[in-house]
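Data block below; observations after.
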Amino acid sequence: MIRSDNIRMFDAIARTYDTLNHTLSLGIDKRWRARGIAFLRPFSPEHILDIATGTGDLAIAMHKALHPAHITGVDLSEGMMEIGRRKAVVCGCSAQITFERQDCLSLTYADNSFDAVTAAFGVRNFEHIERGIAEMYRVLRPGGHLMILELSHPRRFPVKQLYELYSKTIIPSVGRLLSGENTAYWYLPASIRAVPQGEAMAEILRRQGFGNVDVRTFTFGICSLYTGEKTN
């Protein structure tokens, strides 16, 4: 679960969220999602749960690339999901993608319900990451796969220093300019610094039962892909 003030924040920026994401990432976020989807392709998941789905970018991209029977997108922000519902109607996939308000730390779905569980750039908003990962494991069927995309901090010079400058100055300024919201894009860099990264995140997945855990990074370490399997 994320704090109520953060839910209000996401509701407030819902209308400009997609534009801001694509602008601030220079459009590279679409490539990151494609890499995550490529991981899932060999497994042909039919029923997918997209955690912290937001405006549904990943859910819609998975529908187009993987053609599963159904995708369930869950989030606490109704404002964000309403944008997602409209996008699903426009792309003609509203029957295959549904959006539901759920607390990601206490999902209402039965054990072993989904072939794949995904999350793109939302895990850092969990109030308790281990509990959120435990819920992902619980609702995933044995043999099912987890795919998490999350922003991370580059570690090598000079990308690390350039990214620090970008995240502390450009992101808040452009975010405030385009969204009119003073808090959200100060929150983003802080949330990236706070989330476990690399091997620390991989160890959380293992502690919650995931096997075949793997970590990959893209774009000089700005984005990380975490994958795992429910092996029993």
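The values are calculated or read from the model by the stated rules, or taken from the named source; none is laboratory data. Since the structure is predicted, the reported quantities are computational estimates derived from the model, not experimental observations. Reconstructed Cβ throughout: ideal geometry from the backbone, glycine too, with neighbour counts over all protein chains shown.
Go through the residues of region 224-232 one by one and say whether even a single one is among the small types (Gly, Ala, Ser), at pLDDT below 95 and not in a loop (DSSP other than H, G, I, E, B). Even if it seems obvious, please write down each step before you answer.
Going residue by residue through region 224-232, those that are among the small types (Gly, Ala, Ser) are 224, 228.
Retained after the next criterion (residues that are at pLDDT below 95): none.
So far as region 224-232 goes, no, none of its residues is among the small types (Gly, Ala, Ser), at pLDDT below 95 and not in a loop (DSSP other than H, G, I, E, B).
Considering Ile51, Ile83, which residue is modelled with pLDDT of 95 or more, within 19 Å of Met9 (Cβ to Cβ) and touching a helix residue (DSSP H, G or I) at 6+ places or on another chain (Cβ under 6 Å)? Break it down into steps so the answer makes sense when it comes.
Values: Ile51 fails: touching a helix residue (DSSP H, G or I) at 6+ places or on another chain (Cβ under 6 Å).
Of Ile51, Ile83, the one residue that is modelled with pLDDT of 95 or more, within 19 Å of Met9 (Cβ to Cβ) and touching a helix residue (DSSP H, G or I) at 6+ places or on another chain (Cβ under 6 Å) is Ile83.
Is there a residue being out of contact with any strand residue (DSSP E or B) (no Cβ under 6 Å at 6 or more places or on another chain), at pLDDT below 95 and either over 22 Å from Ala59 (Cβ atoms) or exposed (fewer than 15 other Cβ atoms within 10 Å of the Cβ) (or both) anywhere in region 203-212? Quick ask: steps written out before the conclusion?
Keep residues of region 203-212 that are out of contact with any strand residue (DSSP E or B) (no Cβ under 6 Å at 6 or more places or on another chain), which gives 203-204, 207-209.
Add one more test, that the residue is at pLDDT below 95, and what stays is none.
There is no residue in region 203-212 that is out of contact with any strand residue (DSSP E or B) (no Cβ under 6 Å at 6 or more places or on another chain), at pLDDT below 95 and either over 22 Å from Ala59 (Cβ atoms) or exposed (fewer than 15 other Cβ atoms within 10 Å of the Cβ) (or both).
Can you tell me how many residues within region 67-102 are of a type in the set (Gly, Ala, Ser), under 18 Å from Val123 (Cα atoms) and in a loop (DSSP other than H, G, I, E, B)?
We begin by selecting, within region 67-102, every residue of a type in the set (Gly, Ala, Ser); these are 69, 73, 77, 79, 84, 88, 92, 94-95.
Subsequent filtering for residues that are under 18 Å from Val123 (Cα atoms) retains 73, 77.
Now drop any that are not in a loop (DSSP other than H, G, I, E, B), which leaves 77.
Of the residues in that region, 1 qualify.
Evaluate the following for Arg141: is it among the charged types (D, E, K, R), within 27 Å of Phe220 (Cβ to Cβ), over 13 Å from the mean Cα position of the chain (by Cα) and not in a helix (DSSP H, G or I)? Can you show your working first?
On the way: among the charged types (D, E, K, R): yes; within 27 Å of Phe220 (Cβ to Cβ): no; over 13 Å from the mean Cα position of the chain (by Cα): yes; not in a helix (DSSP H, G or I): yes.
Answer is no for this residue.
So which residues in region 23-48 are in contact with a helix residue (DSSP H, G or I) (Cβ under 8 Å, 6 or more places away or on another chain), outside any loop (DSSP other than H, G, I, E, B) and either at pLDDT below 80 or buried (at least 18 other Cβ atoms within 10 Å of the Cβ) (or both), if there are any at all?
Answer for region 23-48, where residues must be in contact with a helix residue (DSSP H, G or I) (Cβ under 8 Å, 6 or more places away or on another chain), outside any loop (DSSP other than H, G, I, E, B) and either at pLDDT below 80 or buried (at least 18 other Cβ atoms within 10 Å of the Cβ) (or both): Thr23, Leu24, Asp29, Trp32, Arg33, Gly36, Ile37, Leu40, Ile48.
So is Arg131 basic (Lys, Arg), surrounded by fewer than 23 Cβ atoms within 10 Å (Cβ to Cβ), modelled with pLDDT of 95 or more and assigned to a helix (DSSP H, G or I) or not?
Working: basic (Lys, Arg): yes; surrounded by fewer than 23 Cβ atoms within 10 Å (Cβ to Cβ): yes; modelled with pLDDT of 95 or more: yes; assigned to a helix (DSSP H, G or I): yes.
Answer is yes for this residue.
Identify the single condition in (1) assigned to a loop (DSSP other than H, G, I, E, B); (2) in contact with a Lys or Arg (Cβ under 6 Å, 6 or more places away or on another chain); (3) modelled with pLDDT of 95 or more; (4) closer than 25 Å to His22 by Cα that Pro154 does not satisfy, given that it satisfies every other one.
(3)
Given Ile28, Ile7, which one is farther than 23 Å from Thr217 by Cβ and in contact (Cβ under 8 Å) with a residue 60 or more places away in the chain? Write out each step before concluding.
Numbers: Ile28 fails: farther than 23 Å from Thr217 by Cβ.
Answer to the selection: Ile7.
Out of (1) outside any helix (DSSP H, G or I); (2) over 16 Å from Gly228 (Cβ atoms); (3) under 14 Å from the mean Cα position of the chain (by Cα), what's the single condition that is false for Arg124?
Checking Arg124 against (1) outside any helix (DSSP H, G or I); (2) over 16 Å from Gly228 (Cβ atoms); (3) under 14 Å from the mean Cα position of the chain (by Cα), the one that fails is (1).
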